[in-house]
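> Got a structure for you, questions after.
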Amino acid sequence: MINTQSYRGELLILLSTILAGIGWIASKLVILEVPGETFVTARFLLASIILLPFCFKQVFALRFKQVLSLCTVGLVLAASIEVWVYAISISNTLSVGAFIMSLAMIIAPFISWLLYKISPPRIFWLTLPVTCIGIMLLTLTDGWIIETSQWFFLLSSVLLSLHFVLNKQVLNSVKPLTSICVQLFMIGSVGLIVMLIMSPESVHLNSHILFWFAVSTFVATCIRYLSQTLGQFSVKIEKASLIMLLEPIWTLILSVSFLGEVVETQKLIGGGIVIFSLFIYIKFQHKSPLTQPVVATQKP
C-alpha cells in the first residue's frame, strides 16, 4: 500500500527542486539589470516578512541564546549567498555553478571532521576522488584554466557546507520554519549593510525586472522553502537528499532553454559523474550524524 503522506512529501520536495532551478534563472536575469546587493536585500527581507505570519509566535518566543545562534548561522548563510550572487553575476555557465554548489553535501562531512572531530564515513573517502574527476571535467574544458566564477561557486559551496554543519546544532532546539524565517531576515540585513557601504547606483525598474524578481522571491524562495520544509517532515532524509540531486539537472535544462547556454559533452559527462558520486554517497551514508534533517536553505 502506498504511504500517501510520504508520497505527498516526495512530490513536495520534487517541486522544491524545480522551483530552485527556476530560482537560478530568475536570479541571473534580475542581476543582469540590478546590483547584486540590492537584489539580495529586497529578495530575502521580503521573503522573511512573507514567512513571518506563519511562525511569528515562535519567533517572538525565542530565547536570547537561540536568537544569537540563529543570527550566527544566518551570517554564514548570508556570506554564502553574497558569494553565490557575485558568482552568478559574472558567470556564463549557470549549469556548471549548480553542479559545483551541489558538492556542499560532500564537503560538509569534511568540515564537521575539522570542527567537531566527527570522522566522515568510509564512503566519503571512496566517492571523493570520483567527485574530483567530475569537477575536473566540468571546469577544465579549455585547457587547465578554471573560470573565476567557478572559484566563487566553490567558495559559496564551502560556506554552505559550513552552514549545514552549524545549522544541524541549531535545529535541535528551533523549529525549521522559525529558523528559515530568521535566517532569511539575516541574509537580507547583511545585504542591506553591504548595499549601504557600496552605495550602488540607482535602479530603473521595469516590468521585466519586476516579473523575475517576483518569481525569485515568491516562487523560488517562499514557496520553495515551504514546500521543501513540509516535504522533509514525512520523507526520510536520505530519500529527500536523493530527490534534491535533481536541482542542478533542472538548472541545466532551464539554462539551456532560457539563456541559450551551450553545454559541451565533456561538461555533461562531468555533471553526470558528480551526480553519480553524490547518489552513491547519500545512498550509503544514511547512518551518518549529518543525515539528520537540515533546514531548507540549501540554495537560493
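> Given points 7 Å out from each Cα along the Cα-Cβ axis, report the residue 197 to residue 210 separation in nanometres with one decimal.
3.2 nm
> Relative to the Cα centre, what is the charge dipole magnitude of the chain, using +1 at the beta carbon of each Lys and Arg, -1 at the beta carbon of each Asp and Glu, and rounding to the nearest 20 debye?
1280 debye
> Please return the longest stretch of the chain lacking exposed loop sites, where trypsin sites (Lys or Arg not before Pro) count only if DSSP places them in a loop and at most 16 other Cβ atoms lie within 10 Å.
The reported range is 118-235.
> Okay, moving on. Go from 0 up to the bin containing the longest alpha carbon distance in segment 53-171, width 5 Å each, and give me the % of pairs per bin.
The calculated distribution, bin by bin, is 2, 11, 17, 18, 17, 14, 11, 6, 3, 1, 0, 0.
> Obtain the nm distance between the two label points defined at residue 175 and residue 265 by a simple spin-label model: each point lies 7 Å from its Cα along the Cα-to-C-beta direction.
It works out to 5.3 nm between the two label points.
> To continue, here is another question. Could you give the DSSP H helices of the chain that reach 18 angstrom or more along their long axis (alpha carbon positions) and whose average Kyte-Doolittle hydropathy is no lower than 1.0?
In the chain, the long hydrophobic H runs are 4-31, 36-51, 64-90, 122-139, 176-198, 265-284.
> How large is the dipole of segment 28-167 about the Cα centre if only Lys and Arg carry +1 and Asp and Glu carry -1, each at its Cβ, rounded to the nearest 20 debye?
I would put it at about 700 debye.
> For 71, 181, give me the order by solvent-accessible area with a 1.4 Å probe, most accessible first, ignoring ligands, DNA and RNA.
If we order 71, 181 from most to least accessible, we get 71, 181.
> Would you look at the GNM of the chain, springs on alpha carbons closer than 10 Å, and say which of 116, 225, 86 moves the most?
Largest GNM mean-square fluctuation: 116.
> Around residue 259, under 15 Å between beta carbons, what's the net of Lys plus Arg minus Asp minus Glu among the other residues?
Surrounding charge for residue 259 is 0.
> Here is a further query. Considering the options 81, 6, 127, tell which one lies farthest towards the positive end of the dipole of segment 1-128, charges being +1 on Lys and Arg and -1 on Asp and Glu at the Cβ, about the Cα centre.
So the residue we want is 6.
> Suppose R0 equals 30 Å; then what is the FRET efficiency for residue 63 and residue 7 from their Cβ-Cβ distance, rounded to the nearest 0.05?
0.20
> With a 1.4 Å probe and every protein chain kept in, tell me what percent of the accessible surface of the chain is carbon plus sulfur.
71 percent
> Oh, and also: Based on the Cβ-Cβ distance of residue 132 and residue 32, what FRET efficiency does E = 1/(1 + (r/R0)^6) give at R0 = 30 Å, to the nearest 0.05?
Efficiency computed from Cβ-Cβ geometry: 0.40.
> Taking the Cα centre of the chain as the origin and placing charges on Cβ (Lys, Arg +1; Asp, Glu -1), which of 176, 197, 15 is farthest toward the positive end of the dipole?
It is 176.
> Then there is this: Which value in nm describes the separation of the simple spin-label points at residue 223 and residue 256, placed 7 Å from the Cα toward the beta carbon?
The modelled label-to-label distance comes out at 2.5 nm.
> Taking the Cβ of residue 106 as the center, what net charge do the other residues with Cβ under 14 Å away carry, scoring Lys and Arg +1 and Asp and Glu -1?
With Lys, Arg at +1 and Asp, Glu at -1, the neighbours total +2.
> So how long is each side of segment 208-267 along the principal axes, counting just the alpha-carbon atoms, biggest first, in Å?
Rounded to whole Å, the extents work out to 37, 36, 10 Å.
The values are calculated or read from the model by the stated rules, or taken from the named source; none is laboratory data. Remember, it's a predicted structure, so these values are computed and weren't measured experimentally. Here Cβ is always computed from backbone atoms with ideal geometry, including for glycine, and neighbour counts include all displayed protein chains. Surface accessibility is based on the protein's heavy atoms, side chains included, excluding ligands, DNA and RNA. Shrake-Rupley method; radii C 1.70, N 1.55, O 1.52, S 1.80 Å.
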